[in-house]
Amino acid sequence: MDEYIPKWHRELDIFCRIKPVILLEGNVLDRYQYPVEGSIEKGSIVRLAEYLHYYFKDQGYQNIVFYDSIRGFYNHCEDGYLQKFAGLVGGRADGGALKAEFKGKNNTAAVMIQTAVTQAEEATVAVLDFASRYIADPTNMEQSEIDSFTILLQSSLEGRDVRTERGILKNLVVILVNKVNDVPAWFYLDNPNVKTVMLRTPAKEEREKLVKGDNFPSFFAGDIYDEEFPHYVECPEELEKIQDRFVALTEGFTFTELNGLRRLCKNQRISIKNMCDVIDLYKFGIKENPWNTLDYSEMKHAYEDFHKRVKGQECALTKTLDVIKRAITGMAGLQSSSHSKPKGVLFFAGPTGTGKTETAKTLAEKLFGDESCCIRFDMSEYGQSHSDQKLLGAPPGYVGYEAGGQLTNAVRNNPFSILLFDEIEKAHPSILDKFLQILEDGRMTDGQGNTVYFSESIIIFTSNLGIYRVNDRGERYQSVTSDMSYDQVQEKVRRGIEDYFKLQLGRPEILNRIGENIVVFDFIREEAADEILLSQINKIVSRLKTDKNIALQISAPARETLRDKAINNLDNGGRGIGNIVESLLINPLSRYMFDHELFSDCSITIESIDAVSMPYSLECTVEK
């Protein structure tokens, strides 16, 4: 495998020769794998401060010292450096540290740093660690804080070069910050002597180096590695597939997390072939991924099972199941570079009451064995600009911080689930921005700083977009009606969705993340209405027989009355049919049974239904 040097390391090679101040920002709290031969063993995984010590030692620097506002100046990597620095700046090291306050212009750490970088006797580098904690607010600084950074600014202008055995080296100040605006902007903006270098999470090549290099045996218990590795010597392509999958699944992980995976894999005595299971164990606390234990033979008959609960939506069900089968077979996202995206994304659109929510619930039961694994969020509750805090968690210091976010809590508690976002167009645009990250990266950091993973979830959005339009006078009208064919409905609904995201919202990238996974549900047609009505009647008959031993029969005239009313109420979809059954059958039947004290063990035949005058009533015959 070709040697890989991280980008930030290569930038350091370039700019430490020409810039006296280097700001390292980003992933500064992580550990790093030393990539070259030098003063430390190649491949060693060390803290950034230790990494920088050996890096600058290999560059030929004679003085290397670290500073933070708690300990002062120190160097815990090797003896001798602190004493040399103390002699250079006229200080006195005591107990492994040289105490110095950061704030102020007299006898401060900044003054000592200025002395070190403006001398030309010994090549010196001072690393300011935890610099994000030196001042409370870079936009509202005390005069003592301004003085200290002014001294550092002067140092950047007055820094000297030193001639050494390794050539000419520049005295350096290296500042480690979480983000660059943790220090005052006037210090680095328009300052040609300051270079900012971003440290990101390990790139693919770095993760490969960890997994495919000399550290690979350390992922496993010694006896397991000794027993299993000979097989992979004979089958190197099999090992490479395992390693490649591990590398892909750890995208976005820090070296600290990767090192934690290594130890966890070893402690749990995981085999080489099951190496990737440690990622699920780390993310979700489980070894056995439910996606890997699905009964494929049962999924072959999924369409029939869905059709029992969702009527008249053949095209929508087929397209939905295609996405699920793609996830089960591992084909989801093959064309993407990310392996952490959600298992599937679906956008259910179409008229109300056509089975969108029912399809999601059925899917949850089919995949995870329980309807409760369909977690529903009514997006009309998240229409305010601050609603993202309710969904994802408030930042530290804000009300509700301890409670976390409703979405992040739900996914953390049940990562294997269907996430149903009802009426997504009613959410505030700031929430849609968050979905961009979820759909692309499959993870989200909540207000408490915890990472939540969506890679094992199916995300479903529902919407009525395209059904209604607003004319030039601002009046809302129905643009899609039940007398249109399904092809016409699909065309108009898709156009309405595109117009909303591209023109009204101005966020076409959200639509791009959803892709071709828009599933348009048709109106409930007469044939489907008959099936829904029959299904609901059969449920009532069955429940009465099971729960009360009441045999209910409905005559043909009574059924025809129910059908006529249901067919005339198709604009409200399946819910409309349910409302008809409730008002014309369940309510008057309940009244009849109560008035005649028919609570169990009898036969009731509904001869006719009076659906003309309210309250609706039944004509029945009873046998006890």
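The values are calculated or read from the model by the stated rules, or taken from the named source; none is laboratory data. Note that the coordinates shown come from a computational prediction; the quantities given were computed from them, not determined experimentally. Quick reminder, even Gly has a Cβ in these numbers, built from the backbone with ideal geometry, and neighbours come from all protein chains shown.
When Glu240, Glu205 are screened for being under 24 Å from the mean Cα position of the chain (by Cα) and either within 28 Å of Asn27 (Cβ to Cβ) or among the hydroxyl-bearing types (Ser, Thr, Tyr) (or both), only Glu205 passes. Highlighted here would be strands (runs of 3 or more DSSP E) found entirely within segment 125-234 that include at least 2 residues which are among the aliphatic types (A, V, I, L, M), assigned by TED's automatic domain parsing to the domain that holds Ser271 and within 30 Å of Lys266 (Cα to Cα), but there are none.
Just checking, does segment 94-108 include any residue being part of a helix (DSSP H, G or I), surrounded by 17 or more Cβ atoms within 10 Å (Cβ to Cβ) and assigned by TED's automatic domain parsing to the domain that holds Lys195? No: segment 94-108 contains no residue that is part of a helix (DSSP H, G or I), surrounded by 17 or more Cβ atoms within 10 Å (Cβ to Cβ) and assigned by TED's automatic domain parsing to the domain that holds Lys195. In segment 518-574, of all residues being part of a helix (DSSP H, G or I) and hydroxyl-bearing (Ser, Thr, Tyr), the one that is surrounded by the most Cβ atoms within 10 Å (Cβ to Cβ) corresponds to Thr561. One residue stands out in segment 1-49 among those that are in contact with a strand residue (DSSP E or B) (Cβ under 8 Å, 6 or more places away or on another chain) and of a type in the set (Val, Ile, Thr): the one that is surrounded by the fewest Cβ atoms within 10 Å (Cβ to Cβ), namely Ile18.
The set of residues from segment 110-140 being among the aromatic types (Phe, Trp, Tyr) and touching a strand residue (DSSP E or B) at 6+ places or on another chain (Cβ under 7 Å) comprises just one member, Phe130. Would you confirm whether any residue within segment 196-209 is of a type in the set (Asp, Glu) and touching a helix residue (DSSP H, G or I) at 6+ places or on another chain (Cβ under 6 Å)? Yes. The requirement of being within 26 Å of Leu29 (Cβ to Cβ) and outside any helix (DSSP H, G or I) is fulfilled nowhere in segment 110-119; no residue meets it. Per the listing Gly87, Gly26, the residue uniquely assigned by TED's automatic domain parsing to the domain that holds Gly159 and at positive phi is Gly26. Residues of segment 581-624 that are touching a residue at least 40 places away in the same chain (Cβ under 8 Å), of a type in the set (A, V, I, L, M) and farther than 18 Å from Arg543 by Cα: Ile609, Ala611, Leu618.
Results for (1) in the same structural domain as Ala364 (by TED's automatic domain parsing); (2) surrounded by fewer than 19 Cβ atoms within 10 Å (Cβ to Cβ); (3) in a loop (DSSP other than H, G, I, E, B); (4) not aliphatic (A, V, I, L, M), shown as yes or no for each residue.
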| site | (1), (2), (3), (4) |
| --- | --- |
| Thr408 | yes, no, no, yes |
| Val411 | yes, no, no, no |
| Pro415 | yes, no, yes, yes |
| Phe421 | yes, no, no, yes |
| Phe435 | yes, no, no, yes |
| Leu439 | yes, no, no, no |
| Met444 | yes, no, no, no |
| Gly449 | yes, yes, yes, yes |
| Glu456 | yes, no, yes, yes |
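Number of residues in segment 285-314 that are in contact with a helix residue (DSSP H, G or I) (Cβ under 9 Å, 6 or more places away or on another chain) and either of a type in the set (Phe, Trp, Tyr) or under 30 Å from Phe521 (Cβ atoms) (or both): the value is 18. The numbered conditions (1) under 30 Å from Gln114 (Cα atoms); (2) surrounded by fewer than 16 Cβ atoms within 10 Å (Cβ to Cβ); (3) over 37 Å from the mean Cα position of the chain (by Cα) are all true for Asn181 except (3).
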